[in-house]
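A short worksheet on the structure shown next.
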Amino acid sequence: MSLDDHAPCWPDPEPSPGCCDGWAEADPGLKARLGKIAAQILSPLAGGQYGVCELTVRPCGKTCDGGGPLDVGMGPPFYPMLTGSGWVNCRVCSGACSCCHVCKVDLEGPAQEIVRVIVDGVQLPASSYRIDNHRELVRVDGGCWPECADLTAPLDDVDGHAFAVTYTRGLPLDEAAMHAYSTYACELLNACNGDDCCRLPERVTTVTRQGVTVGFVDPMTFLEEGRTGIIEVDQWLAAVNPYRLRQRSRVLSPDRPRLRRTSWP
């Protein structure tokens, strides 16, 4: 499942022991469905930051279409670089000798780990690359990435000049995220079962009994502010997304086209 699909890549809810009566005995299919619903609601409220998805991209080098995300360290023999001691001439060279440039591919981050890299139908060993800055796939075995791969070639074709990277992208849910997410899923279960202790807010503004009127905050206010009305969940949302962003921030450049992803078949 990719990050651009509708369903976020979140694990199953795991309510803490004693925090959700009835969760362990509930139908597994129902719990899985409520987990997906909770993730669908909380993911945009948290700014789309969480969830680790596996995806495959096919990078296009700078020699294709006039530009791209592939930096192979090409250029003049020397170029100026500002260091702590002043301006120096840095030599551009390929392979392990490069002092300033490396052979790299810019992935859409944050990249967590590389699953596989296919070049000309061959899977490279993990020792031949690394990840820098949570987004740069750097070649470290003395070779370099293809400058102009064939985006239509099958990945298993040794003569097709295909280049593909499969990796996991996104932020994993930490303890605080899992607690908030599981708490919300538990309240969805309580609402489904008609439990009186369900804490999901209802749109009731006043209740009058025996001559006494009690006012409540309209829960639509919570929704407008990107909150749920459940204190534990809203504390987490306020901590991880204080500015109420609905998706992760991106930097777009007309000179660097987005990595190509095959979505079907």
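Under the condition of being out of contact with any His (no Cβ under 8 Å at 6 or more places or on another chain), more than 29 Å from D106 (Cα to Cα), modelled with pLDDT of 70 or more and open to solvent by less than 50 Å² (accessible area, probe 1.4 Å), the residues counted in region 217-254 number 9. Within region 15-30, can one find any residue that is in a helix (DSSP H, G or I) and in contact (Cβ under 8 Å) with a residue 12 or more places away in the chain? The answer is yes; a qualifying residue exists. Taking first residues from region 167-193 that are farther than 24 Å from E108 by Cβ and partners that are of a type in the set (K, R) and buried (at least 17 other Cβ atoms within 10 Å of the Cβ), the Cβ contacts under 8 Å between residues at least 6 apart in sequence or on separate chains come to A185/K31; E187/R199; L189/K31; N190/R199.
Within region 137-182, how many residues turn out to be open to solvent by 20 Å² or more (accessible area, probe 1.4 Å) and either in a loop (DSSP other than H, G, I, E, B) or closer than 14 Å to S16 by Cα (or both)? I'd like the intermediate steps shown before the answer.
Step one: filter region 137-182 for residues open to solvent by 20 Å² or more (accessible area, probe 1.4 Å), giving 139-144, 146-148, 150-152, 154-159, 161, 171-176, 178-179.
Then keep just the ones that are either in a loop (DSSP other than H, G, I, E, B) or closer than 14 Å to S16 by Cα (or both); that gives 140-144, 146-148, 150-152, 154-159, 161, 172-176, 178-179.
Of the residues in that region, 25 qualify.
Among the numbered conditions (1) outside any strand (DSSP E or B); (2) at pLDDT 80 or above; (3) not acidic (D, E), the only one that C197 does not meet is (2).
Only residues that are of a type in the set (S, T, N, Q) and either out of contact with any strand residue (DSSP E or B) (no Cβ under 7 Å at 6 or more places or on another chain) or closer than 30 Å to A238 by Cα (or both): list them for region 131-178, please.
Within region 131-178, the subset of a type in the set (S, T, N, Q) is 133, 152, 166, 168.
Passing the criteria: N133, T152, T168.
The values are calculated or read from the model by the stated rules, or taken from the named source; none is laboratory data. None of the values given here were measured: they were computed from a predicted structure. Note that we place each Cβ from the backbone using ideal geometry, even for glycine, and neighbour counts take in every protein chain shown. SASA here: full protein model, heavy atoms, side chains in, ligands and nucleic acids out. Shrake-Rupley method; radii C 1.70, N 1.55, O 1.52, S 1.80 Å.
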